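Trainee: My questions will all concern the structure given below.
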Amino acid sequence: MTDEPRPDTRPRSNRSDEIELEPWYKDGNDDIVEPDQVTLQTQYFWKNWVRILGVGPAGLLIRLRMYCYDNRKTGERRDWCFPGQRTLADELGVHRETIMTWLRRLEVFDFIRRKPRTRWSAEHGRPVRTTNAYRIKMWDPVTPEQEGAAFVRDAQRMLDQSPNPFENQPDPDKSEKPTYGPNPVENRPHESKNPTHDAVEKTGNRKKYLEGVLKNVNVATHTKERLIQTRDLAQQMLEQLGDRHSMGFYRKVAQVVPDTLIYRALSETKEARHEGNLSNAGAYFTSRIKQLAAERGISL
């Protein structure tokens with residue numbers, strides 16, 4: 001008994017960009033798995049963004065990207081989708097509330113943007129909410145702590161590519177060159193006519209300029225990182241404690257109180273709730289975080 005011959009997978013053209021390979025499935029397992037159907041993510045995403053987003057939100061982002069496509073060869077792009085939260089929960093094997101938390105996490109870092117969708121309901125006589133439409137970022141941005149370095153690289157590239165107005169200038173004709181003998185009478189020009197910079201100064205010191213740019217960018221990047229972190233912490237407090245009217249207080253706490261104290265107070269609140277020792281989680285957390293902050297000399 002001989003094995004069934006495999007399909008011919010030899011190149012169909014001499015051009016490397018036209019080589020096509022036909023998949024060959026060895027058994028029923030591969031017929032179901034379809035190993036040629038893959039979803040790729042950059043190594044940068046796995047090395048940098050997964051630790052920031054968390055494994056759950058990162059997995060959700062990959063699933064949302066699978067609903068979309070981006071074909072740079074044909075220019076076709078679909079960077080939006082609208083699966084229901086229950087559908088996503090079933091696909092990832094988690095509760096719907098977990099999906100809601102992960103979606104907010106992805107929104108904090110601008111990987112997705114949500115827009116509510118509505119349809120006309122004859123039963124209610126008005127538009128009613130359906131699923132959300134999600135616009136998905138199909139490319140991986142640099143992480144917040146690396147934005148400054150990326151900006152400086154772009155600045156360096158722009159400076160390297162910009163023409164230097166003082167390079168490759170023709171020398172003046174000898175007859176036009178000034179003589180350097182002593183003048184019988186000092187005829188010093190008025191200070192307003194003196195050049196303020198020589199050619200070297202006009203070109204600027206690129207290294208010094210870039211160092212200044214890097215310093216400013218690092219400050220701006222740190223500020224942006226802190227804003228993102230503050231918003232994320234405030235959102236976590238809202239999710240665990242409720243009471244949207246206290247969002248202003250949560251933001252203040254996130255701005256001035258160290259993260260370790262916030263997580264400690266949240267953990268103690270969760271433990272007290274589990275033991276049935278409190279009736280108002282928000283009030284308990286507020287009292288505890290103020291106590292912890294006061295011990296560090298922080299006034300709330």
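Trainee: If each residue's Cβ is checked for other Cβ atoms within 10 Å, how do Ile32, Ile262, Ile228 rank with the fewest at the top?
Mentor: Sorted ascending by nearby Cβ count, the order is Ile32, Ile228, Ile262.
Trainee: Summing Lys, Arg as +1 and Asp, Glu as -1, what charge do residues with Cβ under 12 Å from the Cβ of Leu278 carry, Leu278 excluded?
Mentor: Residues close to Leu278 contribute a combined charge of 0.
Trainee: Something else: As a footprinting exposure proxy, order Tyr263, Tyr67, Tyr284, Tyr250 by other Cβ within 10 Å, with the fewest listed first.
Mentor: Tyr263, Tyr67, Tyr284, Tyr250
Trainee: To continue, here is another question. Please arrange Val257, Val38, Val33 by how many other C-beta atoms lie within 10 Å of their C-beta, fewest to most.
Mentor: The order, fewest Cβ neighbours first, is Val38, Val33, Val257.
Trainee: Let me ask you something else. Could you state the number of Å between the C-alpha centres of region 256-289 and region 73-152?
Mentor: So the two Cα centres are separated by 31 Å.
Trainee: Normalise the Debye intensity by I(0) for region 39-125, one equal point scatterer per Cα, no solvent, then take log10 at q = 0.19, 0.20 Å⁻¹ and round to two decimals.
Mentor: -0.96, -1.04
The numbers here are math on the coordinates, done by the rules we state, and not lab data. In this text the structure is predicted, and so the values were computed from the model without any measurement. No Cβ is skipped: glycine too gets one built from the backbone with ideal geometry, and neighbour counts run over all protein chains shown.
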